[in-house]
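Read through the structure below, which is laid out as structure tokens, and then see the notes.
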Amino acid sequence: MPYSKFLLPLFLLLFSSHLHSQTINKNLTKLSFEDLKELYWKNENKSAKQLPYANAYLNKAKSENKPVERARGYFLLSLLSENEKAIVYLDSAIFYTKELSDPKFPAYAYSGKGHIYKKQFKYKEAIDNFLIAENIAKKNNPDLYYETKFTIAALKSEELGEVKEALVLYKECYNYYNDKKVRSTNYSYPYQLVLFGLADAYKALSISDSATYYNKKGFIETKATNNQLLNALFTLNEGANLIFKRKFGEALDSINNALPKVIHYKDKGNTLAGYYYTGKAYAGLNNKKEAIKNFIKVDSLYNVTKRITPEFMSGYPYLISYFKNNNDKVNQLKYLTKYMYIDSILQNNYKELTKKLNIEYDTPNLMQEKENLIKSLKINNTKSYWSIGFLIFIVLLMAGFSIYQYKLKKSYRSRFEKIMQQSDEKIELNNKLEEIGVFEENKSKTDTIGINEDIINQILKKLTDFETSKGFLDSNITIQTISESFDTNNKYVSKIVNIYKEKTFIQYINELRIEHALTCLKQDHKLRKYTIQALAIEFGFNNAESFSAAFHKKTGIKPTYFLKQLEENNK
């Protein structure tokens, strides 16, 4: 169930402090930082009134040359901005504090960027920034560290469907909060969100008893702290969980108790969830009329919000089947088209819905059904030419997509065979020849690079030793750490890698890792049993996404495809 809407308020809860009443009829130039911040938050949701305080805060920080306060000023302005403008403010906050050991900055700025990217469906960029914030906070701000870990878990679970991975993170957060005063002002809200994350993850994994345990625990905690919306959401979540237990009547009781409160708080994401699970409960009771009514409400709310997750998609096949059985071809076509459209949107936003789609409504059957509908509508309704034309266009588009997929697979196979034809010795020899060629070809660049020739040769020798010893497998390697190990500065290393290796430092490291990965995967059949996440760690990457991206950039194919073809070759 959607709970990402609570992540940004949770983040702001950490950033802001408890506010006291105060009048604003003071000269802004004479106010302290604490006064300005207090007045800013006192006018929350009134951006026109907040803006003067944010600007005054920043100007005061600039005049007093206080980097952390300057960063906080930029952060306050980012909260009043949207998209790229907010990113610019946050980048400024990072710039002025990146070398400091402050418990809040630049970690807050990176986390803020993560929330903005998440709203833009840029999930990779969001996770990258959350991970940076998490790593910084780990050193000196454990509360922010676990808040950020929870945010990453929620993103993985709700947006990317990686529920098992998210569950591990939720448990880490749960263990941390268990040692805290979980009904205090500072910890009650994040603790309750973690309970909700655990309950929702167990529900998604069909571990119903565990889901019930955390729903009940969350209900008790929210009741004790008078958090009415979260209290309703735990009730709603347990109603959904009861559907998986096939206790449809009890499920309806819970949902009907919670849904009016969710609607009252204008939580559209969970209102959609409430309608969906109401429809599922009625479907379980074989009350098709009420089930259809609620699934149509889901679709209507999606038309308003333009947001839906794979969790709530199965209402569409139910609608399609219902209208098909009632020979209502217009509505059958309407929801069939909507279903396929939403699926394409989810795929574009990195959602893994293919398996769900194939299980619930096989794609070839969808195509055949569309063709049959086109023929039927053409015979029975001569006024529907525009609809038919649109459907033909969709079919042609799908056919074009199938051809594209066929060519893509053929291209992938060709690239795979090219990789396999290159023996490990040839790869190693090519690397050595490239290195020799670079030495000879770039001697003339010594003067233009602006570095002494002896230093260049020393660094190139150390880079060769670094490659031979496979130092690139260290996931924490940076240009700063490698420069320190070479007893030189990072500008020299960066220039030499750019000129003599003809790539950026990050490209250089990633290509070394991928070349090593190709060799190992070809030789070691045990490695092929690893998950992509495990392989990423094995070859020096921090996560599966960065490993897959680097692998694809280097080889032109995805690692999952490469592993599958290796296994097929063995068979």
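Results, tabulated for the structure shown:
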read-out: Residue selected from segment 124-151 under the condition surrounded by fewer than 19 Cβ atoms within 10 Å (Cβ to Cβ) and not charged (D, E, K, R), by the criterion farthest from PRO310 (Cα to Cα); value: ASN140
read-out: Positions within segment 272-282 being over 18 Å from LYS203 (Cα atoms) and at pLDDT below 95, in sequence order; value: none
read-out: Test: residue in segment 48-58 that is among the small types (Gly, Ala, Ser), out of contact with any Gly (no Cβ under 9 Å at 6 or more places or on another chain) and assigned by TED's automatic domain parsing to the domain that holds GLU99; value: yes
read-out: Tally of residues being basic (Lys, Arg) and buried (at least 19 other Cβ atoms within 10 Å of the Cβ) across segment 282-319; value: 0
read-out: Answer from ARG183, ARG246 - the residue that is in contact (Cβ under 8 Å) with a residue 40 or more places away in the chain, more than 28 Å from VAL304 (Cβ to Cβ) and either β-branched (Val, Ile, Thr) or surrounded by fewer than 20 Cβ atoms within 10 Å (Cβ to Cβ) (or both); value: ARG183
read-out: Residue list for segment 475-493, filter: among the hydroxyl-bearing types (Ser, Thr, Tyr), farther than 27 Å from ALA534 by Cα and exposed (fewer than 15 other Cβ atoms within 10 Å of the Cβ); value: SER485
read-out: Candidate set: segment 518-536, residues that are touching a residue at least 24 places away in the same chain (Cβ under 8 Å) and closer than 24 Å to LYS122 by Cβ; chosen: the one surrounded by the fewest Cβ atoms within 10 Å (Cβ to Cβ); value: GLN533
read-out: Unique match (being assigned to a helix (DSSP H, G or I), touching a Pro at 6+ places or on another chain (Cβ under 6 Å) and buried (at least 18 other Cβ atoms within 10 Å of the Cβ)) among GLY269, GLY279; value: GLY269
read-out: Residue count for segment 502-527, restricted to those that are over 15 Å from LYS554 (Cα atoms) and not hydrophobic (A, V, I, L, M, F, W, C); value: 5
read-out: PHE562 vs. criteria free of Cβ contacts under 8 Å to residues at least 40 places away in the same chain, of a type in the set (Phe, Trp, Tyr) and either buried (at least 17 other Cβ atoms within 10 Å of the Cβ) or not assigned by TED's automatic domain parsing to the domain that holds ARG415 (or both); value: no
read-out: Close pairs (8 angstrom Cβ cut-off, 6 or more residues apart or separate chains): without any contact (Cβ under 8 Å) to a residue 24 or more places away in the chain in segment 261-284, assigned to a helix (DSSP H, G or I) anywhere; value: ILE263/THR271; ILE263/GLY274
read-out: Hey, ASN231 part of a loop (DSSP other than H, G, I, E, B) and of a type outside the set (Asp, Glu) or not; value: no
read-out: Yes/no for ALA154 being of a type in the set (A, V, I, L, M), under 23 Å from ALA549 (Cβ atoms), crowded, with 19+ Cβ neighbours inside 10 Å and outside the structural domain of ASN543 (by TED's automatic domain parsing); value: yes
read-out: Criterion: farther than 25 Å from LYS181 by Cα, β-branched (Val, Ile, Thr) and touching a Ser or Thr at 6+ places or on another chain (Cβ under 6 Å) - qualifying residue of ILE292, ILE255; value: ILE255
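The values are calculated or read from the model by the stated rules, or taken from the named source; none is laboratory data. This is a predicted model, so every value here is computed, not measured. Cβ: placed from backbone, ideal geometry, glycine included. Neighbour counts: every protein chain shown.
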